Amino acid sequence: MEIKCTGIAGTMESSDAMVTIERGGGGIQLQLTSPVIHRFGNHMRSVILETLERLDIHDAVVTVVDKGALDCTLKARVEGAAFRAAQCSQERIPWGGAVR
């Protein structure tokens, strides 16, 4: 998936995450902020990177501000931001099929 512009998904509310995806300069650059990063940071990174891999995104700057989101929420926010950043129209979005 080609990143064409900046895509944002999520909120700063409790149990959510705000994900921003922008064009990268080579590879994935992940910036993760979370109040529980010391306990769950490695797992959160792997969930985010796995989701990007499944979406075929290999060149992007990804910023995640976590407020206690579950794995399913992280996946949904990354997927939403990615589709917005790729400027996918509703007809081209594989709802429920890209990320498992």
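Read-outs: derived from the displayed coordinates by stated rules, not from any lab. As the structure is a prediction and not an experimental result, all values here were calculated from the model. Don't worry about glycine lacking a Cβ; one is built from the backbone with ideal geometry, like all the others, and counts go over all protein chains shown.
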So what J values fall out for segment 11-17 if you push phi through Karplus, 6.51 cos²θ - 1.76 cosθ + 1.60 with θ = phi - 60°, rounded to Hz, Gly and Pro as x?
9, 9, 6, 4, 6, 10, 8
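Where does the chain land at 222 nm, in deg cm²/dmol rounded to the nearest 500, when only DSSP H runs of n ≥ 4 count, each adding -39500 (n - 2.57), divided by all residues?
Working: 2 runs with 33 residues, N = 100.
Helix-only estimate at 222 nm: -11000 deg cm²/dmol.
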Give the Rg/Rh ratio for segment 7-91, taking Rg as the radius of gyration of the Cα atoms and Rh as the Kirkwood radius, to two decimals.
0.95
Using only Cα atoms, tell me the angle between helix 37-54 and the longest principal axis of the chain; keep it within 0 to 90° and round to the nearest 10.
10 degrees
Once you place label points 7 Å from the Cα toward the Cβ at GLN29 and LEU70, how far apart are they in nm?
3.4 nm
Quick one: putting +1 on the C-beta of Lys and Arg, -1 on the C-beta of Asp and Glu, what dipole do you get for segment 37-77 around its Cα centre, in Debye to the nearest 20?
240 debye
State to the nearest 20 debye the size of the charge dipole of the chain about its Cα centre, where the only charges are +1 on K and R beta carbons and -1 on D and E beta carbons.
80 debye
